[in-house]
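Before any comments, here is the structure.
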Amino acid sequence: MNDYTLRLKKETALRDYINGWRINAGQDSDAEWWRNRQAVEAMNRLASAALWEVTDSLELHMEDGENLVVAVWNGGVDIQGLTQLSSEMKSRLKKVVEAGKPAYEQALKQARNQSRVFLEKVRTNILFIARDVKGRIAVEIQFAAWTKKWKKQIFSECKVPITIWSTFLVCQEYRGELAHIQGINRYNSLHMEPIGGRSNTESQCESTEDFVQSAVMTVQLKQLVELYNQVGDQLFKDNVRFGIAEAFDVSKAIRNTLMEEPQHFWYKNNGITLLVENPDFRLEHLDELQLGRLEANRPPQFSVVNGAQTITISAKYAFELECKKQESEAQKEPEEEQEKEAKKEKEKAYQKQLEDFTKAQVILRVIHIPIQPKQEAAAAECEKIQAAKKLARDISVSLNRQKPIRAEDIAFTSPFVQKMEEYLSNLQSNPSFQLIRRGEEQPQASQLSLVDFARARLACMGRPDKARTTSRDEILKMDIANGTLLNTDVFVENWTESEDNEHEVFQQFYGAVWFANEMAKLYAKNAKAFENNNINAQIAVQNGKWYFTALAVQLLNDFRLKDGQPDFSEFHWIAQNFAYIISQAVEAFSQMAACCADPERQLNSNDFKNERYYQKLLAELRSGKKAAPFEKFSKLFVPDRDNLLPQKKSTQQKITAIILGSVNGPVRVNSAKEAFVKTVIYLLNSFSPEESLLAQYDTWLTADSQKGTSPKGNFNANSPSIMYHGKEYWVGSEALSNDSKFAHIRSLCKLAQVPQGEIFWLVDDTVRYQW
């Protein structure tokens, strides 16, 4: 592949990374900013950077870029290059802050005129994209010191306080280089004969077992760390789990061994298992393992299936040492002799630790299961390829049973989940969520565990009883021999078999899954505050989360069916848009449940464990002459279909101005977050809602100082606060989309009895939201 093609591929990869960040930040991912001439030139610079390059949201023509700076770093631990990168990034930050300064000053002036406390800061975002793991770690180490300096300098120069949010990514570049492990000694390795017992692997193979080769050897841990740096996280692509936190502090134990007694590492570690699928792989070199070429158009044909934690922790340890050593050497030589001596001793200590790291060795088990790509295989070979893939999957699962392993870990190896993961990771699919393995959870992200995915799907298909009662192991039950998930109600066969119609099949069966998951969370939060003297109503609310969710989904889906099953092809609702009516809907649901209860006996939890009671509720909800609580429930969700149409995942247009009060003119704002905070302050000051009722908004409006300043959910250390009725409240909106922000505003307006026509949020001169 020539350099021009590689550069174009890298430009595309960088654009996808940036758009991925924008989606997570709630920005308008549909706006094709990259087509602007200036943006084209900037992306070309990023892709062609030899050492580093920086651009920003102004240069990229992102109108809703949230003051974004994008930096590409290809220099590993080069301290001089990092210093230059830091200087340019500070200049870019200052540039985007200056652009947002007028809006900030206007907001500050308005707050002073109204004698209000103004604690807001201009939010800036930095997206670091490193070429390899070493480079990412080097930047992460420097970042804390950089930001502290940048904040002070920018405040001094611009007179504007800022916050800095960061994201670190690795964009691996495969250019056909050879991936290999050096420094081995084949004479001291142990070769296992093929599983089938045939030692002549060059002869005609009758089964998969005949051509599996394996060897056990000792290698330098450093060599595996360098392989990880070269390959990136793709090195662990076939591992059934990913960095699961355990009761024992494995990370600390590994680092202590490397620091204090690296020569004992071989004895204290279970070893690494490398699965090689490359059909051309041969155990023929005396001093190295050649694993194959890393090509830009395909993933590596090898994977570490056991030992990912060992490699990632060791890499962080080694690369941090390299960074500290280089940083120390780059520092100016002190004038005082005592300081000179201390500097030399520090550098010697770093050097010794790096040399000691090379003494750490580890057992490496190499298993070669040649799997030829389908497109290159003859038709007769396809069955053998499938058998080889199954064997590779079984080995990965079995090796990971050395630690506690759950059903969802194994389920991630199934064809259904692998296909779903690939579909959801494709930005063109416009996914609402991502499936995550245990240990991959990230705060404030749209993620679903496989179990939560399954329960939401059961509710959508009209089986809330199963969503409530089916055990984790039963939901994810597998045919281990075939690697397939047996619960075909959840993991429908149509999805695994879909090829050209993936999107249509996904929408039909799974189009409401994310909505159902979010609706169940909203219900659970509001159910805690429910109070009612009717015992049936109480029992219904305590046990009815999935029943409520299933009924809401079916109602909003117009009870649409296809082949006798719910069909969600036209379902595009957003759960957060209904946040402001959930408490009333819970009350209506409790009355619905009581209405359908057997008059001869009291409801109990078992009523919510069978399908009959749900079908009774559903039939009444669908009835043309429904009872009063069912009518109330329906109108809460769909009061007027002309005014509340199904909404697709909305583009997050930048809010540019707000109007608060019927006699006030537009006030410029820099973001939807700023609009949200100013609107909340206005509503509290102008309409004085009952303080005791504000507790229902504790996910984004809290008087708990610990919650309001901790980096969780919608809050962080820079969340603005206001005084209300002599008490300090923090306002947070970090994990809220624009639609969700205004849904909360609507709810607060209703609570405070704010008249219609009082609140408007504008995009340029167009009203985007109103109350």
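First measure r as the distance between the Cβ atoms of Asp500 and Lys343, then evaluate 1/(1 + (r/R0)^6) with R0 = 56 Å and state the FRET efficiency to the nearest 0.05.
The computed FRET efficiency comes out at 0.30.
What distance in nm lies between label points placed 7 Å from Cα along the C-beta direction at Lys237 and Arg601?
5.7 nm
Ignoring ligands, DNA and RNA, what accessible area per residue does region 48-114 give at 1.4 Å, in Å²?
41 Å²
Please give the FRET efficiency for Ile535 paired with Glu570, using the beta carbon to beta carbon distance and R0 = 51 Å, rounded to the nearest 0.05.
Step by step, r from the Cβ atoms, then E = 0.85.
For the pair Leu6 and Trp266, what calculated FRET efficiency results from E = 1/(1 + (r/R0)^6), where r is the Cβ-Cβ distance and R0 = 41 Å, to the nearest 0.05?
According to the calculation, E is roughly 0.55.
Whole percent per 10 Å bin, from 0 to the bin with the longest distance: what is P(r) over all C-alpha pairs of region 495-559?
19, 37, 26, 12, 6, 1
Starting from the Cα-Cα distance between Ala619 and Glu335, subtract it from 0.36 nm times their residue separation and give me the gain in nm to one decimal.
Full-extension gain reported as 93.6 nm.
Residue separation times 0.36 nm, minus the C-alpha to C-alpha distance between Lys477 and Ala13: what's the value?
163.3 nm
How many angstrom lie between the C-alpha centres of region 314-345 and region 248-297?
Using only Cα atoms to place each centre, the spacing works out to 29 Å.
What does the extension gain come out to for Glu98 and Phe687, with contour length at 0.36 nm per residue minus their alpha carbon separation?
Stretched fully, the Glu98-Phe687 segment lengthens by 208.6 nm.
The values are calculated or read from the model by the stated rules, or taken from the named source; none is laboratory data. Treat the numbers as computed from the prediction; the structure is a model and nothing was measured. Please note: Cβ atoms are built from the backbone with ideal geometry, for glycine as well, and neighbour counts cover all protein chains shown. Areas reflect the complete protein model, heavy atoms only, side chains present, ligands, DNA and RNA absent. Shrake-Rupley method; radii C 1.70, N 1.55, O 1.52, S 1.80 Å.
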